[in-house]
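The values are calculated or read from the model by the stated rules, or taken from the named source; none is laboratory data. Please read these numbers as outputs of a predicted model, since none were measured by experiment. Here the Cβ is made from the backbone with ideal geometry for all residues, glycine too, and neighbour counts use every protein chain on show.
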Amino acid sequence: MRVLTMATSLLLAAGMAATPAAAAAPGTELRSQQVRPLSGGLDQVPLVNDNNPELIIEPGILLSTFNGRGTLAGQPFSSPDAHLNVPLNGRFDLFSHHVYAGRPETLDSVLWLGVVAAPVSNTPVRLRVLNGSTALSQSSDPSQPSAPFLPLPPLMAHDGSSVFAGPGSRVAAELLQKHRGIGIPQEWTLTPGQLSTLLALPIPVKGLDPLLNGRNLQLRLESDGPVQLATLAAFGSEQPPEAEVWSRLLRGGLSAKEHVPTPRGQAGAIIYSRVSGVQTGSRWSARLTDPGAKLLSVRSAPLSWPIASLERGRLGSGQVQTAELQALYPGTAWAAHGNYGVEYDLLLPLVNDTKGPVVLDLALESPRKTDKPEGGLRFNLTPPRAVVFRGTVEVAGLDGTAGRPAGRRWFHLVQRQGEKGPSLGRISLAPGQQRQVRVRLIYPADATPPQVLSLLPAPEVPEAAVKQSESVPAPRP
């Protein structure tokens, strides 16, 4: 049943459907606090976002930035509209996330995910991998890293990339560490007029019950000239398709898309759909200070900032962080809802401008989704079973030893809808003391936005409990 749970979570994670926030329901509580827009913003790095269809049911082009009205190796493309015609030059990223459920006529089929590229001009192009990772949901092959959807606890400290649940969780954590995963070359040289196969990655279902598997792939790339890139789907066996198969598929048509979105601006319930296009922005950088100030006062707590806020899910902040798409396919999401694969790099320059010591907690949380201001954030008293976030958060500047702030720490979180987040650590500041806290995460596939980064007053230890603790006699030998 774990695989079925994985499939369900993937469908939920894409935000296929959502409704406007309902009136306050029983079984919830409102935490009165500030919710501020996240300062800073996305960079201008293009991100090729390949997530529609998520469930691949037929071979073909998944996403292509090629010029469909040109030629490749002297041969024309048969379906010009299957190509977005977006040349990529310099820094750009790739996010690809798909699921395969096998074919009814066989129990051991393999879907192959191909990543191909070619120069735009008649000059060879060097394409480098700055870092990248890929993982399957399930694998019995050591050369194919996997990340099953294990039932992990809500919070686990780890070394940065050793704890994960689901391929999106693993790949995001490894990218935070700037890893280059197994089977991903350091670079390619692209020959003009030829199609180069960058990667051919299997999504096998043999031996799985039910027949269902998924793969997440993310690459940080840099080219020294303009290139065209495409992701393709091919049915096959345990051996990867020949180069001619990829070339033929690229000259053909699109693999079927899924989940047509609600038109932008239409009232009522919304279907976000999945993304298939080229977005602008792969990294959100911010320095979180008080309005008009250079620092963030401890007096601002409790305070939260949205992470991956989106249309109909601004949490009262008035802010939509969703990356816009410079090119997309008809019938797919009109913006990159969820910002999957986007890195958040946030600095909190804290100052204790009070007359006494202050202790704060830092947390990532998943409040109930809403759009209008409520004077705070609303949480479920009993969170439902649906998991809305599985991923790693990196934090530097929490309390360490000997009164010094700690270096980088990594925490894997599993959160459910409407759930408060556990403390990632304490921040203790004496009067007048300053400290810079840094938070980094890559928004993982399989998450359902939005979340918040929260700075909260640490719970006070009751004086009676302290005295009782002090009065306990030491044990006798």
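A few remarks follow.
- Residue check: Ser39 meets all listed conditions (1) surrounded by 17 or more Cβ atoms within 10 Å (Cβ to Cβ); (2) within 30 Å of Arg287 (Cβ to Cβ) but one, namely (1).
- Selection within region 42-75: residues that are among the polar types (S, T, N, Q) and surrounded by fewer than 16 Cβ atoms within 10 Å (Cβ to Cβ). The member of this set that is nearest to Leu221 (Cα to Cα) is Gln44.
- Answer residue from region 295-325, given it is on the phi < 0 side of the Ramachandran plot and basic (Lys, Arg) and is surrounded by the most Cβ atoms within 10 Å (Cβ to Cβ) among those: Arg314
- All positions within region 294-310 that are assigned to a loop (DSSP other than H, G, I, E, B) and in contact (Cβ under 8 Å) with a residue 60 or more places away in the chain: Leu295, Ala301, Pro302, Ala308, Ser309
- Condition broken by Leu127, with the remaining ones in (1) crowded, with 22+ Cβ neighbours inside 10 Å; (2) within 23 Å of the chain's Cα centre (by Cα) satisfied: (2)
- Consider region 403-462 and keep the residues that are aliphatic (A, V, I, L, M) and within 21 Å of Gly316 (Cα to Cα). The one that is farthest from the chain's Cα centre (by Cα) is Leu456.
- Ser162 without any contact (Cβ under 8 Å) to a residue 40 or more places away in the chain, surrounded by 13 or more Cβ atoms within 10 Å (Cβ to Cβ) and either within 19 Å of the chain's Cα centre (by Cα) or on the phi > 0 side of the Ramachandran plot (or both): no
- Restricting Ser196, Ser140, Ser255 to those that are at pLDDT below 95 and either surrounded by 18 or more Cβ atoms within 10 Å (Cβ to Cβ) or within 21 Å of Gly102 (Cβ to Cβ) (or both) reduces the list to Ser140.
- Matching residues in region 388-406 - criterion: being crowded, with 23+ Cβ neighbours inside 10 Å and polar (S, T, N, Q): Thr392
- Restricting attention to region 273-293 and to residues that are touching a strand residue (DSSP E or B) at 6+ places or on another chain (Cβ under 7 Å) and in a loop (DSSP other than H, G, I, E, B), the residue that is surrounded by the most Cβ atoms within 10 Å (Cβ to Cβ) turns out to be Val275.
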